[in-house]
Each structure stands twice: as C-alpha cells, then as structure tokens.
1. Across the stretch 193-211, what is the number of residues that are touching a Ser or Thr at 6+ places or on another chain (Cβ under 8 Å) and either touching a residue at least 24 places away in the same chain (Cβ under 8 Å) or not hydroxyl-bearing (Ser, Thr, Tyr) (or both)?
2. If Val257 meets every condition in (1) within 24 Å of Ala140 (Cα to Cα); (2) outside any helix (DSSP H, G or I); (3) of a type outside the set (Asp, Glu) apart from one, which number is that one?
3. List the helices (runs of 4 or more DSSP H) that sit entirely inside the stretch 147-210 and contain at least 3 residues that are surrounded by 14 or more Cβ atoms within 10 Å (Cβ to Cβ) and among the hydroxyl-bearing types (Ser, Thr, Tyr).
4. Has the stretch 271-280 got any residue that is among the aliphatic types (A, V, I, L, M), modelled with pLDDT under 85 and open to solvent by less than 20 Å² (accessible area, probe 1.4 Å)?
5. Scan Thr221, Thr214, Thr249 and give me the residue that is modelled with pLDDT of 85 or more, open to solvent by 50 Å² or more (accessible area, probe 1.4 Å), of a type outside the set (D, E, K, R) and in a helix (DSSP H, G or I).
6. Looking only at the stretch 77-111, how many residues end up being open to solvent by less than 30 Å² (accessible area, probe 1.4 Å) and among the β-branched types (Val, Ile, Thr)?
7. Among the residues of the stretch 124-146, write down those that are under 26 Å from the mean Cα position of the chain (by Cα), open to solvent by less than 90 Å² (accessible area, probe 1.4 Å) and charged (D, E, K, R).
8. Which of (1) over 14 Å from Gly226 (Cβ atoms); (2) touching a residue at least 40 places away in the same chain (Cβ under 8 Å) does Leu123 not meet, given it meets every other one?
Amino acid sequence: MTQLASSTEALITSSENNTKTKAVRPAQQLRAKKARMLLYQIIVGVILLALWQLGSTTGVLDTFFFSEPTMVFSRIVEWFATGSIYTHLIATTQATLLAFIIGVLGGMAFGVLFGRVDFLAQLFDPFIKMINALPRLVLAPIFLLWFGIGIGSKVALAATLVFFVVFFNTLEGMRSVPRVLVNNSKMLGASEWQLLKSVYLPSAVSWIFSSLHTSVGFAITGAVIGEYLGAFRGIGYVIAQAQGTFDTTSVFAGMVVLMVFVLIIEYFITLAEKRLLRWRAVGTN
C-alpha cells in the first residue's frame, strides 16, 4: 500500500511538472521568436546601410542627392552634442501631442455620439464624407491665415488628420457591438450610461487603440508639414531650411530623427494598449 501511494504521488507530481513545463514553453518560444525576428530586422537594416554607404563611396550614388550614412550619423551627433536640435524637437513634440490629444478626444466624442444617436449620424453623414474626402494639405494655407505661423496652425492641421481616423474607428466599434448583448443588458435594467460604460466602450476600445497607432503617424505628419510650410522652429522647419541650402545630409538626418521620434511614441502607445486591454488577453486565453 505504501509503495502504491508513493507511486501515485510521484505520478501526480510528474503530471503537475509536465503541465507547468507546457505552460512555460509557449512563452519561451514566443520570446525566442521575437528575439530571432529582432535579430533579422537588425541584419536587414545593417545590410541596407552598408549598401547605401558602399554606393556613396564608390560613386554609384551621387552624394549630392543621397549623402552618406556616416555623414548623416555625424550630423545627428553634432545636433545633439551642441543642443541645437532640442528646441526643434520640443516644438514638434508639443504640436504633435496637442494635435494627437485634441484629435483623439474629438474623434472619440463624435464617434460615440454618432454611434448612439442614429439621427445625427444620418444627418451629418454627407458632410463628414465631404470633409474627409478633402485633401488635408489644402487646409494648411487656411490654417496659416487663421492661426498664424505659430503652433496653432500645426496643431489644427495635424488634429484634422487624427480626428477622422479615430472617429471612423470609434463609430465602427460602437456599431459592432452584438445586438443580443445590448438587448440582454436592457432586459436586466441597464441604463443608457451603464450601457455606454459596460457594453459599448469596452467593445470599442480595441477599435480605438488600433486607430491610435495610425494616428500617431498622422499627428507627426501634420505637425511636420505645417512646420515645413511655415514656421520658425521644429523638425519640419529644419528639413525645409536644409532643403533650401541643398544640404542633403541635414535632410536625411532630420528624417532619421523623425523616425526615431515616431518609434518612441509608438512604443509608449503599445505599452498603454497592453495595460488597458489586459482583460481581452485574459479572455482570449
């Protein structure tokens, strides 16, 4: 009997260990897969830079038009070492963040409103479509006249880009809520506020966050275009000045700084998304 009990206990322990091992293994495999992919991406980036440098050094690429990676890197280091870039980075960051916040809040507010009040959605439908079809670049001169050469015109232009992305995603998220879920909640006596808080918004959150990744790019694009067309500071202003003096190295350096800037903001949005949508991951598992 003692031997049988010991064998049974050993079997149970072995089974538990196997279960834990199976649970840990997918996480390890996922981390290894991500590390492998990061390594591949770095290799591809290094190869592209090496080809660019090789083409510039051998004369295949004209340095007047394409510069060189080493010169671009030196220019970026010089900007940060002397501190001359910080004023422009702060200006672009301010315009981008303000436009992003205004565009996201406006898009969410109108998306929720039109998602719940069908009459308003139908009433404003042709106007929304007409304004959305309008190329945003044509608005830049108007905003420059209205808000001047300061930060206001950049924020207005970038906010219009962000607004429609978030608005349409929020509206689609509100409309994608299963009708059965809404009817069951109403049968249980849920008020309009409870429906909005517990049914509609949780369903629309994933749609909204998926639009935020795109919106970051649009916010920066709008801010930089506004600075490019008329400003006295900002990354777009730096690129415009460099283009005016045919300084290709500074143009590429400005583009690199912008790309890194977008990646940093994108990283923080991904972190916020993982934290706020943790419930969805748990539900999926």
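The values are calculated or read from the model by the stated rules, or taken from the named source; none is laboratory data. Fair warning: this is a prediction, and the values are worked out from it, not measured in the lab. Heads up, the Cβs are rebuilt from the backbone with ideal geometry, glycines too, and the neighbour counts pull from every protein chain shown. Side chains are part of the model used for accessible areas, which takes the heavy atoms of the whole protein and leaves out ligands, DNA and RNA. Shrake-Rupley method; radii C 1.70, N 1.55, O 1.52, S 1.80 Å.
1. Step one: list which residues in the stretch 193-211 are touching a Ser or Thr at 6+ places or on another chain (Cβ under 8 Å), which gives 194-195, 198-199, 203-204, 207-208, 211.
From the residues that got through so far, the ones that are either touching a residue at least 24 places away in the same chain (Cβ under 8 Å) or not hydroxyl-bearing (Ser, Thr, Tyr) (or both) too are 194-195, 199, 203-204, 207-208, 211.
Summing the residues that are touching a Ser or Thr at 6+ places or on another chain (Cβ under 8 Å) and either touching a residue at least 24 places away in the same chain (Cβ under 8 Å) or not hydroxyl-bearing (Ser, Thr, Tyr) (or both) in the stretch 193-211 gives 8.
2. Condition (2) is where Val257 drops out.
3. Working: elements: 151-175, 179-187, 192-195.
Because the criterion is at least 3 residues that are surrounded by 14 or more Cβ atoms within 10 Å (Cβ to Cβ) and among the hydroxyl-bearing types (Ser, Thr, Tyr), the helices (runs of 4 or more DSSP H) in the stretch 147-210 that meet it are 151-175.
4. First pass over the stretch 271-280, keeping only residues among the aliphatic types (A, V, I, L, M): 271-272, 276-277.
If we keep only those that are modelled with pLDDT under 85 as well, we get 271-272, 276-277.
Filter again for open to solvent by less than 20 Å² (accessible area, probe 1.4 Å), leaving 277.
So far as the stretch 271-280 goes, yes, one or more of its residues are among the aliphatic types (A, V, I, L, M), modelled with pLDDT under 85 and open to solvent by less than 20 Å² (accessible area, probe 1.4 Å).
5. Values: Thr214 fails: modelled with pLDDT of 85 or more; Thr249 fails: open to solvent by 50 Å² or more (accessible area, probe 1.4 Å).
Just one listed residue meets the conditions, Thr221.
6. First, the residues of the stretch 77-111 that are open to solvent by less than 30 Å² (accessible area, probe 1.4 Å): 79, 83, 85, 91-92, 95-96, 99, 103-104, 106-107, 111.
Among the residues that remain, those that are also among the β-branched types (Val, Ile, Thr) are: 85, 92, 96, 104.
Qualifying residue count for the region: 4.
7. Residue satisfying the conditions is Arg136 alone.
8. Here Leu123 clears every test but (2).
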